[in-house]
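S.K.: Got a structure for you, written out below as structure tokens; questions coming shortly.
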Amino acid sequence: MKYLILSLFSAILLSLSWPTYGFPIFIFFALVPLLLMEHEITNFSKLKRKSWSVFGLAYITFIIWNIVTTGWLYGSKNPDGTHSMAAVVLPVITNSLLYAFVFMLYHWYKKLQGTYFGLVFFVAIWMAFEKLHLNWEISWPWLNLGNAFSEYPKLIQWYDTFGATGGSFWILLCNVFIFYTVRMWQAGRKIKSLVTNSIITSLLIGIPIIISVIKFNNFAEKPIGEVSVLMIQPDLDPYNEKYSKDSIQILKDVLKLAEENSKGRIDFYIAPETAIPGRGSISEGGFEDSFLLNDVKSFLQTKPNSVFISGISSHKISQTKPENTSAYELQPGIWAESYNTAVQIIPNQKVEAYHKGKLVPGVEIFPYMKFFKPILGNAMIDLGGSVTSLGISKERKVFANNFNKGKVAPIICYESIYGEFVTDYVKKGANFLAIVTNDSWWGVTQGHKQLLSYAKLRAIETRREIARAANSGISAHINAKGEIEEDTLYEDQTALFAKIKLYDGQTFYVKYGDLLTRICIYILGFLVFYTLIKKLQSRNKKSV
């Protein structure tokens, strides 16, 4: 019972730490009860299957945390309008198993090499797992620890140096040291050691926060210019209207909002992810002949020097099979590839396109389709997305124009969770970030609130202002310090005007990305290699 209580305590602390309802102070010791549970079972319990007990109790911790923080996935629906249990059950079960397995690896390593090496391994393996979750095709970095502070940008201004992954390292380091302090007290009951370690813990937590507050209050970045942006929020029901309403009417509604809210010069009109065409998609080979895109150009003819950026659904048709596995055969000899696309539309110019590079597993991408499709067929979760895998752009793209200094990073929805990924836009010259998103699939839940909150981290990491256009909201203007300057109400059909400041230069994080993560991966490799060498040496001695 004691071990179960410790596991539940960690689950509660992790859950209470999470945005947008929680208080991140709990995250600094949320893993301590779990570490104590593992230590008690390993060293003092009479349980026969200690490793399985550790795994099972860790799984309880992580599945509760996942349910509380991402249970909003249940808000997504099947095509028939019923709520999708698979949409929440599969991610929660899978993600919890992965976290529990990471903790199990720590348990095994600690048994081999002792507490001190074990705790170093714990930090390194967790950081490596978060990196894996940022890069593989089953990517789900929603619960990476550094995200916990997204609602408190004033406390994490140093993310412009080490990013949200640096925040994960900070949190893990504090948890490990607090656990070490508790164990020292349990072992020796020495007041002096307790006081000393408590002071060190306070400094570990406090120094980065103090640095952040100073950076926040003395923000000195000089903008190189300013652009006027209108973010359009059409509030199109993603389950019914989007696929039943006429595409021409959908576009008319978008342009009507743009017209009604145009007050003075607008440099950029920004519409949300897949705002057009509604049902179906637009052929990229026929962009210049598309009556929908040409209607946008006609609208812009009355708005001199204005640019229109929008999310669209698009596709390409080919008579030869593309090399990648995301294309599908429409009929013998005819291949198609679909995309979630951002376009820049300017009168008398070719439409520029960028294809979403980070796809939602089970919705926009069939993970490791080459291996699993022969086994699973088309068994993908359908939340209004693709039943195959979408194509992607291999490199980030920046939209520029001849009318103003604005160089836009066209970030599409899920991409905004990925810190190092977003820095590639800035490296290509983006001086402000545009997030086009449709996070209406989850309804009135924490889902769209958390995704908005995570966008603040990208503003701090890159020191770029953000114009976020969301289908049903929340659309927002986020400044380079991660503060929301203005936003809209969810489920409001409206538009948001903002003066977006343009910044150049590159932060340390933009230049070097997830540096602390890479260091941890090197340390992890050393620890594993060191253990293997010791094992081989031990065997050689026995054989001699």
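S.K.: Only helices at least 18 Å long along their axis, Cα-based, and averaging -0.5 or more on Kyte-Doolittle count here, so list those DSSP H runs from the chain. Mind dumping the intermediate values first?
M.R.: Values: long enough: 2-16 (21 Å, 1.92); 50-70 (29 Å, 1.10); 85-113 (42 Å, 1.01); 115-135 (30 Å, 1.12); 159-188 (41 Å, 0.68); 191-217 (38 Å, 1.54); 247-260 (20 Å, 0.27); 446-462 (25 Å, -0.57); 515-543 (42 Å, 0.53).
Qualifying helices: 2-16, 50-70, 85-113, 115-135, 159-188, 191-217, 247-260, 515-543.
S.K.: Moving on to the next point. Looking at the chain, which longest stretch skips every one of the trypsin sites (Lys or Arg not before Pro) that is in a DSSP loop with at most 15 other Cβ atoms within 10 Å, leaving the sites themselves out? Walk me through the numbers on the way to the answer.
M.R.: Numbers: sites that count: Lys46, Lys48, Arg49, Arg189, Lys190, Lys245, Lys263, Arg265, Arg279, Lys350, Lys394, Lys428.
The longest such stretch corresponds to 50-188.
S.K.: Could you line up Met104, Met37 from fewest to most neighbouring Cβ atoms inside 10 Å? Present the calculation step by step, with values, prior to reporting the outcome.
M.R.: Working: Met104 18, Met37 26.
Result, fewest neighbours first: Met104, Met37.
S.K.: Rank the residues Asp504, Asp267 as a footprinting-exposure proxy: fewest other Cβ atoms within 10 Å of their Cβ go first.
M.R.: Asp504, Asp267
S.K.: On a full-extension model of 0.36 nm per residue, what is the gain between Val213 and Ile5, subtracting their alpha-carbon distance, rounded to one decimal in nm?
M.R.: Once the chain is fully extended between Val213 and Ile5, it gains 71.2 nm.
S.K.: Any idea what the dipole of segment 176-254 comes to, in debye rounded to 20, about its Cα centre with Lys/Arg Cβ at +1 and Asp/Glu Cβ at -1?
M.R.: It comes to approximately 1000 debye.
S.K.: Magnitude of the Cβ-charge dipole of the chain, K/R +1 and D/E -1, about the Cα centre, nearest 20 debye?
M.R.: That gives a dipole near 3000 debye.
S.K.: Shape call for segment 88-212 from the C-alpha gyration tensor, a ≥ b ≥ c root eigenvalues: rounded (a/c under 1.5), prolate (a/b greater than b/c) or oblate?
M.R.: Oblate, because a/c is 1.5 or more while a/b does not exceed b/c.
S.K.: Which whole-number percentage describes the relative contact order of the chain, with Cα contacts under 8 Å and a sequence gap of 6 or more? Before the final figure, lay out the partial values.
M.R.: Working: 1045 pairs, mean separation 92.2, N = 544.
In percent, rounded to a whole number, it is 17.
S.K.: Which number do you get for Rg(Cα) / (2.2 N^0.38 Å) in the chain?
M.R.: Normalised Cα radius of gyration, the chain: 1.04.
Every number in this text was worked out from the coordinates using simple rules, so none of it is lab data. Remember, it's a predicted structure, so these values are computed and weren't measured experimentally. Heads up, the Cβs are rebuilt from the backbone with ideal geometry, glycines too, and the neighbour counts pull from every protein chain shown.
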